[in-house]
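What follows is calculated from the coordinates using simple rules that are stated; it is not laboratory data. All values reported here derive from a predicted model rather than from experimental measurement. Don't worry about glycine lacking a Cβ; one is built from the backbone with ideal geometry, like all the others, and counts go over all protein chains shown.
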Amino acid sequence: MREIVLDTETTGFDPESGDRIVEIGAVELWNHVATGETYHVYINPERSMPEEAFGVHGIGPDLLEPPRPPEKGQVTLKDKPVFAKVGQGFREFVGDAKLVIHNASFDMKFLNAELKWMGLPPIPMDQALDTLAIARKRFPGSPASLDALCRRFNIDNSNRVLHGALLDSEILAEVYLELIGGRQPDFGLSTAASSASWGGDDWRPTARPTPLASKITEEERAAHEAFVEKLGENALWTRA
């Protein structure tokens with residue numbers, strides 16, 4: 001089963017009032033395991049951003065009049081592509097995968113508005129899975145923001161000083177796996193059934209860029225070797 005954990009950053013709250021998407025970040029999961037594939041793009045909203053948005057998104061105020069230089073760590077948007085240049089590629093990346101989004105109605109409202117302005121078909125709402133609704137159902141009456149869920153599940157979000165779509169989607173992926181019952185994957189037991197629906201029979205997760213360090217100590221390794229020696233030359237571990 002292919003899922004896309006997704007987050008957007010916007011200039012405001014309502015696309016019908018002229019607000020636009022300025023950033024999209026997404027992480028691909030296969031059978032609840034991150035594949036290493038991501039989607040991330042900054043977008044020129046073709047409009048100014050309100051002053052209060054800069055500290056939230058980490059995006060520089062170079063679209064304001066009069067202009068002033070962005071602060072350290074902020075991203076400027078003047079040289080970024082408009083949504084019309086990236087919308088088709090985004091739609092192809094998403095495909096028919098389930099979209100895992102925190103407060104899905106907000107992001108879907110903006111994504112479908114941008115797609116509509118491009119003349120592309122909208123993404124069906126039932127393609128989205130709302131982790132905010134899942135959290136409220138699982139923990140009624142408790143805070144259900146992304147930060148609150150990170151505290152609940154002991155997920156490190158210390159880098160979340162400024163909101164960023166890709167960082168938030170990576171954090172949300174961890175939160176999502178906790179919400180559905182823990183981060184332990186299903187060991188691929190559903191791969192055969194789900195690959196037919198995605199059309200990816202030959203798909204395999206990519207290798208880790210950096211192999212995991214061994215958790216076996218030298219003392220444990222030596223003890224194992226000593227044990228194997230006692231079993232003789234016909235022991236399983238000594239066969240070629």
Sorted by chain and number, the residues with a modelled amide H under 5 Å from that of Val22, at a separation of 5 or more or across chains, are Glu9, Thr10, Thr11
The long-range amide H neighbours of Leu129, using H built 1.01 Å from N in the peptide plane and a cut-off of under 5 Å, are Leu99, Val100, Ile101
A chain fully extended from Glu229 to Thr210 at 0.36 nm per residue, minus the present Cα-Cα distance, gains in nm 3.6 nm
Under the 7 Å Cα-to-Cβ spin-label approximation, Ala84 and Ala222 lie apart by a distance in nanometres of 7.1
Protection proxy (average C-beta count within 10 Å per residue), highest first, orders 167-179, 77-89, 116-128 as 167-179, 77-89, 116-128
Long-range amide H partners of Val82, meaning residues 5 or more apart or on another chain whose placed amide H is closer than 5 Å, are Asn44
Ranked output for segments 106-113, 212-219 by mean other Cβ atoms within 10 Å, highest leading, reads 106-113, 212-219
